[in-house]
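Here is the structure we will look at, set down as structure tokens.
The values are calculated or read from the model by the stated rules, or taken from the named source; none is laboratory data. Owing to the predicted nature of the structure, the values given are computational and were not obtained by experimental measurement. Ideal geometry is used to build each Cβ from the backbone, glycine not excepted, and the neighbour counts take in all protein chains shown.
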Amino acid sequence: MQQLEKLSWRSKLSFGVGAFGKDLVYALVGNLFMFYMTDVRFVAPAFVGTLFMVARIWDAFNDPFMGMVVDNTRSKWGKFRPWIMIGTVLNAIVLALMFWNVDFEGNTFLAFCAVLYILWGMTYTIDDIPYWSMVPALTDDENERSQVSAIPRLFASFAWLIVGSFGLKIIDTAGGGDRKIGFAYFAMMVSVIFVVCSAITVINCKEKVVTKSAEKTTAKGMLHVLIANDQVKVILGIALFFNFAYQLSNSFSLYYFSYAIGIEALYPVYTGVAGIAQMAAQFTFPMVTKLIGRGKAFFLACFLPVAGFLLLFVVGIVAPSSIAAVGASSAVVNYGIGFMLVFITVMLADVVDYGEYSLGTRNESILFSMQTFIVKFAGAFSGFVSGIGLTLIGWKAGVTPGAGTIMGLKVIMIIIPAILSALCYVFYKSGYKLTGEFYNKMVRELRARKEQ
């Protein structure tokens, strides 16, 4: 693979803007959709959790095939940008409808929500897979790739910061105290921003790492890519445990502060600090990995969240109303999370190169489709655990919880994510090999092949 010219900052920042719009959408759905359903629409949490799981079972088939479609696309705009724009427009429309203030009740409303949530997941796939698949196609330089992976994560964390810190306030203001109306207005606002941000990415970013082969990927070839590439299994294991931990704590944090601690006002404090800490981690990621190496940085990505979650557990006992203590816990947890978000993107991009090195095929979208699936599956499974968990621990909307319910909230919000974060490091140490001299040798070989 030949050495490429450096990416302009305009391209890097434009790529990041796309992540801002995309994750503004995902933060709204990931953080607040379950709350909207259970506390605003008063839908049983078990139904919502089951809906999340059913939708993700469908995605298990849908996402990899979307990756195959993108990899087989040939157009004068490349294979990624057309799908980014198509997926964005469709997903923006579905998002607005999901939170539309309809007058449906009972089973009609449940069916309406179920259909739209499944459509939301499908249309999000159309945008998300080609977006992240562009990372290895933008540059093959290790340092450039770290930057290109960190910048969109930085923008994405800013989106989560906005939704987490100001989302409910915007919703209450827009709805004049009526959260049904407020959610509808907020969803429409997010939809418009999403379309504008994706347009900026599509206009200013072009793929540069390309292969000469015009051979198309078949369903059989797709399975071969996923099975024969041994590093896929490792990175997907890491991504699964991390995303389950991350999204479980995210989806449960509003319930935790509202019911276990009894102070809903701490929720925007926790999420606000979370966004800032993640942005700080993503900004410093290239510098830290260059200074201490990827191995030690990955250790921090796994065990800072463990330390932060344990601190949050102690804070909940000794100083539950302390803004400073809650903020400090969030900072430790989310600095590590910010690192891991970048690591997964960087490692997946390296796995794409490894697939070309070992199998002779370059399948960005198929491999990155698995990231999309893992993120959505983990979100759905965390939603399922949240929904069933809330039922099992005896949670009821608007009712002060007993001691057993409070402990259940703490276990789901804190203990389970801490264990899963530690397991990520086990996967990394047991099987990931795209580091050091092996990685450098692989890149040299790919560049040599490209020059032939």
If you go through the stretch 270-277 one residue at a time, do you hit one that is over 26 Å from ILE162 (Cα atoms) and among the β-branched types (Val, Ile, Thr)? no
THR88 over 20 Å from the mean Cα position of the chain (by Cα) and either more than 21 Å from TYR26 (Cβ to Cβ) or assigned to a helix (DSSP H, G or I) (or both): no
Can you tell which of LYS290, LYS296 is surrounded by fewer than 20 Cβ atoms within 10 Å (Cβ to Cβ), more than 21 Å from the chain's Cα centre (by Cα) and at pLDDT 90 or above? LYS296
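Results for (1) within 13 Å of TRP132 (Cα to Cα); (2) at pLDDT below 80, shown as yes or no for each residue.
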position: ILE344; (1), (2): yes, no
position: LEU348; (1), (2): yes, no
position: GLU356; (1), (2): no, no
position: LEU367; (1), (2): yes, yes
position: THR372; (1), (2): yes, yes
position: LYS376; (1), (2): no, yes
position: SER382; (1), (2): no, yes
Kindly indicate whether any position in the stretch 383-405 is aromatic (Phe, Trp, Tyr), in contact with a Phe, Trp or Tyr (Cβ under 6 Å, 6 or more places away or on another chain), assigned by the TED database to the domain that holds TYR259 and closer than 25 Å to ALA245 by Cα. yes
If I ask for residues that are of a type in the set (A, V, I, L, M, F, W, C) and farther than 16 Å from VAL29 by Cβ, which ones from the stretch 162-191 would you list? PHE166, ALA174, ILE181
Residues of the stretch 35-60 being surrounded by fewer than 22 Cβ atoms within 10 Å (Cβ to Cβ), among the small types (Gly, Ala, Ser) and either touching an Asp or Glu at 6+ places or on another chain (Cβ under 9 Å) or part of a helix (DSSP H, G or I) (or both), in sequence order, are ALA46, ALA60
Log entry, pairs with first residue in the stretch 359-381 being assigned to a helix (DSSP H, G or I), second being β-branched (Val, Ile, Thr) and modelled with pLDDT under 75, beta carbons closer than 6 Å, six or more apart or on different chains, reads ILE366/VAL225
Pick out the one residue from ALA307, ALA319 that is within 30 Å of SER146 (Cα to Cα), free of Cβ contacts under 8 Å to residues at least 40 places away in the same chain and surrounded by fewer than 23 Cβ atoms within 10 Å (Cβ to Cβ). ALA307
Test set (1) surrounded by fewer than 18 Cβ atoms within 10 Å (Cβ to Cβ); (2) without any contact (Cβ under 8 Å) to a residue 60 or more places away in the chain - ALA114 fails condition number: (2)
Just one of ASN107, ASN31 is assigned to a helix (DSSP H, G or I), surrounded by fewer than 16 Cβ atoms within 10 Å (Cβ to Cβ) and out of contact with any Asp or Glu (no Cβ under 7 Å at 6 or more places or on another chain); which is it? ASN107
TRP77 passes all but one of (1) farther than 30 Å from GLY387 by Cβ; (2) part of a helix (DSSP H, G or I); (3) of a type in the set (Phe, Trp, Tyr); which number fails? (2)
For the stretch 241-250, does any single residue satisfy the condition of being over 22 Å from ALA378 (Cβ atoms) and either outside the structural domain of THR400 (by the TED database) or not aromatic (Phe, Trp, Tyr) (or both)? no
Contacts under 9 angstrom Cβ, first residue in the stretch 387-415 being on the phi > 0 side of the Ramachandran plot, partner part of a helix (DSSP H, G or I) and not acidic (Asp, Glu), 6 or more apart: GLY394/GLY404; GLY394/THR405; GLY394/GLY408
